[in-house]
Amino acid sequence: MSKDALIIRGARQHNLKNIDVKIPRDQFVVITGLSGSGKSSLAFDTIYAEGQRRYVESLSAYARQFLGQMDKPDVDLIEGLSPAISIDQRTTSRNPRSTVGTVTEIYDYLRLLFARIGRPHCPSCGQPISRQTVEQIVDQILALPDRTRLQVLAPVVRGRKGEHKRTLEEIRQDGFVRVRINGEIREVTEEIELDRNKQHNLEIVVDRLIVRDDIAGRLSDSVQTALKWGSGIVYIDVIDGEELMFSENFACIDCGISMEELTPRMFSFNSPFGACPTCEGLGTRQEIDPELVINPNLSIDDGGLIPWRDSKSRWLWAMLESVCKKYEIDTAVPLGELPADQVEILLYGLGRELISFPYTNRAG
């Protein structure tokens, strides 16, 4: 069997005229030609058909009875043929997240395979990840520096859409005082309204502690409560430090690194739990090129901000004028002479800071 090429000899399927072809393996190969020249006959009716036929023949007699048997294509020899996948031209998607695996649905089975039989290992030391007991979790927390302030959190909603009113009501009835919703601490007595169409993270603030030698009993009770509400997972939010995660399910005993139990969504780039946090599973990301946005030789009044130069939107101009007024940005000075922090505001905005500005539409 050829290891570096797919060799086809004497292909006569449909309109192929006894051709011999050698196609390199592990490379992107395009078959092109005039209409009726035999492209589909070679790719689909010869190469794919033979690959599918060999695959079906490798199955048991019981399994073969449920699959259609394909005829052997009219060809003398095919060597170096791997299992073949054929994608219908009519089902291709323009979604940038689509791949050969997702279009053929093989990706779904691979995710299930990795989630069900996969064995997690510590990314630091490489040892297999094992479960942690309450005592082990407490010992690791008590190993933090003395006087460390922390919160014991129980994750009850992780990346799920909905208003979660019933969950919040159960938390209130059980006597808890605070929750953390999407990173923000809220009192449970507040009127909490969540967008039902957005994903939310909700954790119960089970306890607030300062690390000392005499808190072991209280800490153990709090950890057990958090594990119960968090389905075996507890977060330790170290004030002015990193957030730690411990699990009754999987954790490295040597390094203390914890993981959630393997689920199919961890292996999906379409899920925020499996996607790259930088590109969000798209493989690309958008960034601002300052040279395409500003002309350093012109002021804002003279059209130095290129996106605003031809804009007739009174809304955009009102917003820009308010920002310039609040941060004392001189609109008559060339942008190249403005302080760097002012240019930063014009390019990237104000972060989470909000400002109000007057705006009157054409209707008054």
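The values are calculated or read from the model by the stated rules, or taken from the named source; none is laboratory data. Predicted model, so just to flag it, every value in this text is computed and none were measured. Ideal geometry is used to build each Cβ from the backbone, glycine not excepted, and the neighbour counts take in all protein chains shown.
Before moving on, here are some points about what is shown:
- Breaking point among (1) in contact with a Ser or Thr (Cβ under 9 Å, 6 or more places away or on another chain); (2) free of Cβ contacts under 8 Å to residues at least 40 places away in the same chain; (3) loosely packed, with under 15 Cβ neighbours inside 10 Å, for residue 260: (3)
- Residue in the stretch 200-220 that is in contact with a strand residue (DSSP E or B) (Cβ under 9 Å, 6 or more places away or on another chain), surrounded by fewer than 19 Cβ atoms within 10 Å (Cβ to Cβ) and modelled with pLDDT under 90 present: no
- Residues that are aliphatic (A, V, I, L, M) and in contact with a Leu (Cβ under 9 Å, 6 or more places away or on another chain), drawn from the stretch 30-45: 31, 42
- Evaluation of residue 168 against (1) assigned to a helix (DSSP H, G or I); (2) of a type outside the set (Phe, Trp, Tyr); (3) in contact with a Gly (Cβ under 8 Å, 6 or more places away or on another chain) (one fails), failing number: (3)
- All positions within the stretch 95-135 that are out of contact with any Pro (no Cβ under 8 Å at 6 or more places or on another chain), loosely packed, with under 11 Cβ neighbours inside 10 Å, assigned to a loop (DSSP other than H, G, I, E, B) and at pLDDT 80 or above: 126, 133
- Residue count, the stretch 321-355 (criterion: of a type outside the set (D, E, K, R) and free of Cβ contacts under 8 Å to residues at least 24 places away in the same chain): 9
- Single condition residue 269 does not satisfy, out of (1) within 14 Å of the chain's Cα centre (by Cα); (2) modelled with pLDDT under 75: (2)
- Yes/no for residue 144 being in the same structural domain as residue 236 (by TED's automatic domain parsing), outside any strand (DSSP E or B) and in contact with an Asp or Glu (Cβ under 7 Å, 6 or more places away or on another chain): no
- Residues satisfying the stated conditions in the stretch 160-208, i.e. at positive phi and without any contact (Cβ under 8 Å) to a residue 12 or more places away in the chain: 175
- The stretch 143-159 residues that are closer than 14 Å to residue 203 by Cα, paired with ones that are in a strand (DSSP E or B) and polar (S, T, N, Q) (beta carbon under 7 Å, 6 or more apart): 157/201; 158/201; 159/199; 159/201
- The set of residues in the stretch 122-148 that are of a type outside the set (Lys, Arg) and at positive phi contains only 126.
- Checking each residue in the stretch 147-161 for being in a strand (DSSP E or B) and among the basic types (Lys, Arg) picks out 149, 158, 160, 161.
- Near pairs, Cβ below 6 angstrom, 6+ apart or cross-chain, from the stretch 38-67 (basic (Lys, Arg)) to any residue that is at pLDDT below 85: 53/70
- Positions within the stretch 310-348 being loosely packed, with under 12 Cβ neighbours inside 10 Å and either farther than 21 Å from residue 298 by Cβ or modelled with pLDDT under 75 (or both), in sequence order: 310, 312, 313, 315
- Every residue from the stretch 221-250 that is on the phi < 0 side of the Ramachandran plot, buried (at least 16 other Cβ atoms within 10 Å of the Cβ) and assigned to a loop (DSSP other than H, G, I, E, B): 230, 248, 249
- Among the residues of the stretch 272-287, those that are free of Cβ contacts under 8 Å to residues at least 24 places away in the same chain and either more than 15 Å from the chain's Cα centre (by Cα) or surrounded by 14 or more Cβ atoms within 10 Å (Cβ to Cβ) (or both) comprise 274, 275, 280, 286, 287.
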